[in-house]
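Engineer: Please find one structure pasted underneath; my questions will follow.
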Ligand SMILES: Cc1ncc(COP(=O)(O)O)c(C=O)c1O
């Protein structure tokens, strides 16, 4: 089966499984797991931040970051298609007690002037702004990247008003590879970043929150509050270390596979795809045909052993990853051409 549903579907490699078996372990809640410590040190270094904290998932990483940066009743400014808004059980409101101020923007970007306008001046009637959140790469926009300059511009505006910036960088390394910059350059302007090992990096579990030492202490307390403090978490950290070593260098291949599939799609009748969105390993397109809906196309692809799910009646998202080879990519292109030509 070629699974195009998400890059979270990858299974751990032999090296990852072996690393779990051999990991040196201790009680991480007491700061005694050497493998977790090694991973946190490495992550902080990669992001150019002082410290890092291993969390169970991207959602938990974003939530502990919101809790560590803000007070209940404050406002968070974020993109109206942000993952934090659409897919995280309203944790921002329900757990962190934040008011969401949503801003639109093409390709997952925010306009610095609009962000500045959204940071209301101190006023008896209005909520204070506690946080601005960015997303890089931007999932619902199609895996699009925020450049260093775009990130800097938003952070400059926020910081002028004393507001911190968090990056939901679940796939930050994909942005780094696509833009040809170091991930730390994309993270540096912000106050914190969350990134995932379990997505394009192909590890089985885990995400990382990075920031300064005070922020990470508060994030650690928030993780405990959420029941996310762990014991011998080195079994999670070990395959994540393997992922950093062995998977990072091959992310460009995933982007190439996505480009091939997207190029094929762009030539097929009834397919609407904005090739400018195909920057990393995500492809989002729409199908506008009399004879077939998006769910029906997914059903047809199942006959070719291709697993895909629609996002709506017309919209489909494909994600490429380690477990889809170049040959698989060719099979996907051939199947799409056969079904849609
Ligand atoms: C941009 C983004 N942020 C956060 C998450 C949440 O990650 P997790 O599924 O590990 O909670 C995802 C998951 O796909 C994501 O795409």
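No value in this document is a laboratory result; all are computed from the given coordinates. None of the values given here were measured: they were computed from a predicted structure. In this analysis, Cβ positions are derived from the backbone assuming ideal geometry, glycine residues included, and neighbour counts consider all displayed protein chains.
Engineer: For a quick check, take a GNM of the chain with Cα springs below 10 Å and name the residue from 228, 31, 48 with the largest mean-square fluctuation.
Structural biologist: 31
Engineer: Right, something else. Using only the alpha-carbon atoms, how far is helix 58-69 inclined from the longest principal axis of the chain? Give it as 0 to 90 degrees, nearest 10.
Structural biologist: With both axes taken from Cα atoms, the answer is about 30 degrees.
Engineer: With axes computed from alpha carbons, what is the tilt in degrees of helix 148-160 against the longest principal axis of the chain, rounded to the nearest 10 within 0 to 90?
Structural biologist: The helix 148-160 is inclined about 30 degrees to the chain.
Engineer: Now a separate question. Segment 233-283 to segment 122-168: how many Å between their Cα centroids?
Structural biologist: With segment 233-283 and segment 122-168 each reduced to a Cα centre, they are spaced 25 Å.
Engineer: Going by average Cβ density within 10 Å per residue, which order do the peptides 181-194, 85-98 take, highest to lowest? Numbers along the way, then the final one.
Structural biologist: Values: 181-194: 22.4, 85-98: 16.9.
For the peptides 181-194, 85-98, the packing ranking is 181-194, 85-98.
Engineer: Still on this model: Relative contact order for the chain: what percent, with Cα pairs under 8 Å and sequence separation of 6 or more?
Structural biologist: Numbers: 712 pairs, mean separation 84.2, N = 341.
Across the chain, relative contact order equals 25 percent.
Engineer: Measure out, as a whole number of angstrom, how far apart the alpha-carbon centroids of segment 88-118 and segment 28-71 sit.
Structural biologist: 23 Å
Engineer: In degrees between 0 and 90, to the nearest 10, how far off the longest principal axis of the chain does helix 34-47 point, with axes built from Cα atoms?
Structural biologist: Around 80 degrees separate the two axes.
Engineer: Something else now. Contact order normalised by length for segment 251-340, with contacts defined as Cα pairs under 8 Å and 6 or more residues apart; what percent is it? Walk me through the numbers before you get to the answer.
Structural biologist: Working: 126 pairs, mean separation 29.0, N = 90.
Relative CO of segment 251-340 lands at 32 percent.
Engineer: With a 10 Å cut-off between alpha carbons and a GNM built on the chain, which of 310, 164, 121 moves the most?
Structural biologist: Result: 121 has the largest fluctuation of those listed.
Engineer: For a test of the definition: using alpha carbon positions, the gyration tensor, and the 1.5 limit on a/c, classify the chain as rounded, prolate or oblate. Could the numbers behind the result be given before it?
Structural biologist: Working: a/c = 2.02, a/b = 1.25, b/c = 1.61.
Verdict is oblate for the chain.
Engineer: Could you give the nm distance between label points at residue 303 and residue 156, where each point is 7 Å from its Cα heading toward the beta carbon?
Structural biologist: Between residue 303 and residue 156, the simple spin-label model gives 5.6 nm.
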